[in-house]
Amino acid sequence: MGVFTHEMEVTSTLPTARVFKAYVLESDTIFPKAVPHAIKGVEYLQGTGAPGSIRMVSFVPGLGIEYLKEKVDAVDPDNLSYTYTVIESDVFKNMIEKISYETKFSEAPNGGTIVNVTTKFYSVGDVEIKEEAIKDSLQNRSQIFKAVEEYLLANPDA
């Protein structure tokens, strides 16, 4: 098994506590509203968001991905961090065993938020994951962050 690690940073003008709450604690309700053209729904198959919970994200038809299942590894509201692992997806195609995400939310100097994400792709056997596929995955993730920010700006009570 090979492990391919990538780091990404995104920023938001919104306060850190609000971004953490929307992206981590309320993502099951926020994501389908913020990204309706991509995310059809998020449902917990086991648990309600605490470590050990498993949830399924369903995507709208035609995107090349139908679903993924995530296992929550750690949620730390005090330190504004969140770790989870994608344990199953219809796009893994015997190439990827799992993908882990370590996300840290920090206050930016301007009062906004800096989100640092470390992503680890675990390949099956000696399969090499193409750099283009990794970049596409990170780009999609960045777009979700921005869509959530836009949704929160447009819906101050959300």
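The values are calculated or read from the model by the stated rules, or taken from the named source; none is laboratory data. Computed from a prediction, not measured in an experiment: that's the story for all the values here. Neighbour counts are summed over all protein chains in view; Cβ atoms, including those assigned to glycine, are modelled from backbone coordinates with ideal geometry.
Confirm whether Tyr23 is among the aromatic types (Phe, Trp, Tyr) and not in a helix (DSSP H, G or I). Let's see the steps before the verdict.
Details: among the aromatic types (Phe, Trp, Tyr): yes; not in a helix (DSSP H, G or I): no.
Spelling it out, it is not the case that Tyr23 is among the aromatic types (Phe, Trp, Tyr) and not in a helix (DSSP H, G or I).
Looking only at region 53-100, which residues are more than 21 Å from Gly41 (Cβ to Cβ) and in contact with a Ser or Thr (Cβ under 9 Å, 6 or more places away or on another chain)?
First, pick out the residues of region 53-100 that are more than 21 Å from Gly41 (Cβ to Cβ): 73-74, 76-81, 83, 93-98, 100.
Within region 53-100, Asp73, Ala74, Asp76, Leu80, Ser81, Thr83, Met95, Ile96, Glu97, Lys98, Ser100 qualify.
Just to be sure, is Phe121 within 15 Å of the chain's Cα centre (by Cα) and either at pLDDT below 90 or assigned to a strand (DSSP E or B) (or both)?
It is true that Phe121 is within 15 Å of the chain's Cα centre (by Cα) and either at pLDDT below 90 or assigned to a strand (DSSP E or B) (or both).
Residue-by-condition table, conditions (1) more than 13 Å from the chain's Cα centre (by Cα); (2) within 22 Å of Pro156 (Cβ to Cβ):
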{"position": "Val3", "(1), (2)": "yes, no"}
{"position": "Thr13", "(1), (2)": "yes, yes"}
{"position": "Ala22", "(1), (2)": "no, yes"}
{"position": "Gly41", "(1), (2)": "yes, no"}
{"position": "Gly47", "(1), (2)": "yes, no"}
{"position": "Ala50", "(1), (2)": "yes, no"}
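Would you check if Val91 is β-branched (Val, Ile, Thr) and more than 23 Å from Gly2 (Cα to Cα)?
Against the criterion (β-branched (Val, Ile, Thr) and more than 23 Å from Gly2 (Cα to Cα)), Val91 does not qualify.
For every residue, the table says whether it meets (1) surrounded by fewer than 17 Cβ atoms within 10 Å (Cβ to Cβ); (2) in contact with a Leu (Cβ under 7 Å, 6 or more places away or on another chain); (3) of a type outside the set (S, T, N, Q).
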{"residue": "His37", "(1), (2), (3)": "yes, no, yes"}
{"residue": "Leu45", "(1), (2), (3)": "yes, no, yes"}
{"residue": "Val72", "(1), (2), (3)": "no, no, yes"}
{"residue": "Thr83", "(1), (2), (3)": "no, no, no"}
{"residue": "Met95", "(1), (2), (3)": "yes, no, yes"}
{"residue": "Thr103", "(1), (2), (3)": "no, no, no"}
{"residue": "Val127", "(1), (2), (3)": "yes, no, yes"}
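Test Asp136 against the stated conditions and say whether it is acidic (Asp, Glu), assigned to a helix (DSSP H, G or I) and either touching a strand residue (DSSP E or B) at 6+ places or on another chain (Cβ under 9 Å) or free of Cβ contacts under 8 Å to residues at least 24 places away in the same chain (or both).
When the stated conditions are applied, Asp136 passes them.
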